[in-house]
Amino acid sequence: MAYEYDYQNVFARILRGEIPNATVMETEHTLAFRDIRPQAPVHVLVIPKGAYVNFDHFGAEASEAEITDFTRVVARLCRELDVAPGDGGGGYRLITNSGVDGVQEVPHMHAHLLGGRGLGRMLPG
């Protein structure tokens, strides 16, 4: 499947330095920053620096180094933001939305890391 990346999306502009952000962590392949409309005490967006539209695009086409770096950044953030249950935190939710049905608002692969309070059920049921 071919994905067409929009180089004018807000996260691409953040990566180019055109829009400021509240950086929490940055590595060679990944940027993590605070969400401007937080839905929990901890609400960090984690994005790869590469031009990937969504998670399946990232998983299919990103290099091993990019995938490993992204995953390790999420793990480090969980520990450093005190939400990792194995380190005494209460837990977290990691969400990535894709496409219209997934209500993806920005066409750049990103994960929402949320925690710091009980988050309730993800979907009613």
Relative contact order (%) - criterion: Cα under 8 Å, at least six apart; region: segment 1-54 | 31 percent
Taking placed amide H atoms and a strict 5 Å upper bound, the residues 5 or more places from T30 or on another chain that come that close are K49
Rounded to a whole number, the Stokes-Einstein D of the chain in µm²/s (Kirkwood radius over Cα pairs; 10 °C; 1.306 mPa s) is 105 µm²/s
Taking a label point 7 Å from the Cα of L94 along the Cα→Cβ vector, which residues of segment 21-55 have an amide N closer than 18 Å to it?
-> 24-35, 42-50, 52-55
Most exposed first by the Cβ proxy, i.e. fewest other Cβ within 10 Å, how do I19, I47 rank?
-> I19, I47
³J(HN,Hα) across segment 40-49 via Karplus (A = 6.51, B = -1.76, C = 1.60, θ = phi - 60°), whole Hz, x for Gly/Pro?
-> 7, x, 10, 9, 10, 9, 10, 10, x, 7
Amide H contacts under 5 Å for Y52, placed H, 5+ residues apart = M109
For helix 64-80, what angle does its Cα long axis make with the longest principal axis of the chain, in degrees from 0 to 90 and rounded to 10?
-> 30 degrees
Mean residue ellipticity (222 nm) of the chain, computed from DSSP H runs ≥ 4 via -39,500 (n - 2.57), nearest 500 | -7000 deg cm²/dmol
Based on other C-beta atoms within 10 Å, arrange S98, S63 from fewest to most.
-> S63, S98
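Any read-out appearing in this document is the output of simple, stated calculations on the displayed coordinates, not a laboratory observation. Computed from a predicted structure; not experimentally measured. Counting neighbours? That spans all protein chains shown, and the Cβs are built from the backbone with ideal geometry, glycine included.
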